[in-house]
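The values are calculated or read from the model by the stated rules, or taken from the named source; none is laboratory data. It should be emphasised that the depicted structure is a prediction, and the values quoted were computed from it without experimental measurement. Heads up, the Cβs are rebuilt from the backbone with ideal geometry, glycines too, and the neighbour counts pull from every protein chain shown.
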Amino acid sequence: MNKLVDTIPPQISNLSKLHHLDLSGNNLSGRIPPEIGLLRNLTYLDLYDNKLSGLIPKEIWSLKSLVDLRLSFNNLSGLIPPNIDLELTYNNLSGLIPPNIGNLINLTTLYLGKNQLFGLIPKEIGNLKSLVDLKLSSNNLSGLIPPNIGNLINLNTLYLRSNQLSGLIPKEIGNLKSLLDLTLSENNLSGLIPPEIGNATQIHVLDLSSNHLVGLIPKEFEKLSSLVKLKLNGNQLSGLIPSEFRSLNDLEYLDLSTNKFSDSIPSILGDLLKLYHLNLSNNKLSQAIPFQLEKLVQLNYLDLSHNSLEGSIPSAMSNMKSLVTLNLSYNNLSGSIPSSFEDLRGLSYVDISYNHLEGSLPNISAFREAPAEGLKRNKGLCGKVGALLPPCNAHGSKKDHKLIFSLLAVFILVYAFFTIVYLIVQKKKKHQDTKENHMHGEISFSVLNFYGKSMYEEIIRATEDFNSTYCIGKGGHGSVYIVNLSSGDVVAVKKLHPLWDDQDRISEGVLK
């Protein structure tokens with residue numbers, strides 16, 4: 001590549017035997033000289049990326065041997081001729097794509113992107129059975145995508161991005177078994193994603209973003225095992241993120257943001273080990289962040305913002321060492337940020353605003369240098385972030401005081417409870433002892449009254465006035481003596497301890 005300047009001289013026509021002319025990537029300006037049409041043997045003409053302007057000379061279209069013409073990235077204008085392989089992107093071409101373009105049955109490349117073309121994509125384009133690359137992006141094309149585009153069975157690339165196309169995505173796209181890249185983004189396409197797309201099993205890039213698509217992601221996507229990049233963001237898709245995604249083992253880029261997906265983030269996303277970009281923001285996802293995402297060690301972009309996620313941030317996410325951008329804002333996350341996040345040394349942007357997080361920030365630059373907007377509206381964060389947050393020591397001291405007072409209150413309540421229980425038990429025990437003492441007294445008197453004085457005297461005599469020789473046991477309320485009665489019976493007699501002063505003398509006095 002050189003950097004030639006000035007214009008293309010008309011004397012170039014003197015190179016009559018020239019087959020291949022490549023002047024791309026220079027600073028050539030002015031018009032393409034019509035004399036170039038005299039190069040009858042020319043098969044390849046590349047004037048890509050210059051500053052050429054004006055009309056494409058009609059003499060070029062008389063070059064019968066020409067099969068490859070590249071005029072992209074210039075300032076050319078005028079209408080499109082209906083022959084040869086065309087690469088006319090990044091010019092100022094206007095008007096309609098002519099229907100007789102369908103006559104170019106040997107055409108393999110058609111690049112008309114970045115122009116000012118309008119109107120419909122002619123149905124005759126379905127006649128170009130040899131076409132490998134079709135790029136019509138960034139024009140003002142409208143109407144439907146013609147269903148007979150499914151006839152282009154050799155097509156590798158189909159770019160219709162940034163137009164005004166409407167209606168359904170034709171199911172016939174599923175016939176394109178050689179298709180590697182399908183980009184239909186930034187149009188007005190509506191309806192369901194046709195499940196037939198799952199038949200185009202060689203697709204590497206599928207971009208249907210920024211349309212008006214509705215419904216579920218077809219389960220047939222599980223057949224797209226070669227998929228590397230999937231963009232469905234900016235639609236109105238709903239339901240669950242399908243478990244069939246587990247078969248997309250080569251997926252590196254996944255954007256499902258700004259849809260209506262609900263329920264939890266499926267843990268199977270953690271099995272897509274090649275992912276480096278994951279965006280699930282602006283949906284209706286709930287429940288906890290699955291810890292299985294820790295396996296995405298190549299991930300450098302993660303956006304889960306604007307959902308209803310809850311619970312704590314999994315500490316296992318600190319294993320995502322390649323992470324550069326992390327956005328968890330506008331959720332219901334709580335608890336503290338795991339201290340293990342200090343291992344995420346490559347993290348450069350973080351947004352955790354509008355959650356219920358508290359505690360100290362990890363001591364890495366992404367958090368220390370975070371803007372106020374990325375931290376605000378949380379429960380009680382602290383750390384060294386300029387004047388944005390209180391220092392953690394003061395915050396921690398206040399928190400410690402609260403904890404101490406709470407524990408002290410609990411201790412006092414527990415102590416009071418056991419004290420009350422103890423007093424109640426003691427009171428009951430004392431009452432029971434008093435009751436027993438009265439009962440024993442009553443029994444004593446009733447026995448003595450029943451047997452009378454003679455029995456009492458015989459007991460006194462047999463025990464020699466309760467001599468300790470006859471004592472066989474002592475208890476809390478009295479002593480037990482063995483008595484051999486004159487009748488030959490042997491009995492045990494319990495002599496109660498006095499309940500008040502001189503009780504025995506009083507009892508004996510009464511009996512006598």
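Conditions tested, residue by residue: (1) within 11 Å of the chain's Cα centre (by Cα); (2) β-branched (Val, Ile, Thr); (3) over 25 Å from residue 210 (Cβ atoms); (4) in the same structural domain as residue 355 (by TED's automatic domain parsing).
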| position | (1), (2), (3), (4) |
| --- | --- |
| 252 | no, no, no, no |
| 259 | no, no, no, no |
| 271 | no, no, yes, yes |
| 276 | no, no, no, yes |
| 280 | yes, no, no, yes |
| 284 | no, no, no, yes |
| 289 | yes, yes, yes, yes |
| 296 | no, no, yes, yes |
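Residues in the range 15-29 that are of a type in the set (Gly, Ala, Ser) and surrounded by 14 or more Cβ atoms within 10 Å (Cβ to Cβ): 24, 25, 29.
Taking the conditions exactly as written (more than 21 Å from residue 72 (Cβ to Cβ) and among the charged types (D, E, K, R)), does residue 40 satisfy them or not? Considered against the rule, which asks whether it is more than 21 Å from residue 72 (Cβ to Cβ) and among the charged types (D, E, K, R), residue 40 comes out as yes. Condition (residue is within 20 Å of residue 333 (Cα to Cα) and either in contact with a helix residue (DSSP H, G or I) (Cβ under 7 Å, 6 or more places away or on another chain) or among the small types (Gly, Ala, Ser) (or both)) applied to the range 235-258: is it met by at least one residue? Yes, there is a match, as at least one residue in the range 235-258 is within 20 Å of residue 333 (Cα to Cα) and either in contact with a helix residue (DSSP H, G or I) (Cβ under 7 Å, 6 or more places away or on another chain) or among the small types (Gly, Ala, Ser) (or both).
Per-residue answers, yes or no, for (1) under 26 Å from residue 116 (Cα atoms); (2) more than 57 Å from the chain's Cα centre (by Cα):
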site: 15; (1), (2): no, yes
site: 21; (1), (2): no, no
site: 31; (1), (2): yes, no
site: 38; (1), (2): no, yes
site: 42; (1), (2): no, no
site: 47; (1), (2): yes, no
site: 52; (1), (2): yes, no
site: 60; (1), (2): yes, no
site: 70; (1), (2): yes, no
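Scanning the range 139-169 for residues that are of a type outside the set (Val, Ile, Thr) and touching an Asp or Glu at 6+ places or on another chain (Cβ under 9 Å) yields 146, 147, 148, 150, 151, 155, 156, 158, 159, 161, 162, 163.
For first residues located in the range 152-169 and farther than 20 Å from residue 192 by Cβ, partners that are among the aromatic types (Phe, Trp, Tyr) and in a strand (DSSP E or B) and lie 6+ apart or on another chain with Cβ distances below 6 Å do not occur. Just one of (1) in contact with a helix residue (DSSP H, G or I) (Cβ under 8 Å, 6 or more places away or on another chain); (2) within 19 Å of residue 295 (Cβ to Cβ) fails for residue 351. It is (2). The residues in the range 240-255 that are touching a strand residue (DSSP E or B) at 6+ places or on another chain (Cβ under 7 Å) and of a type outside the set (Ser, Thr, Tyr) can be counted, and the count is 6.
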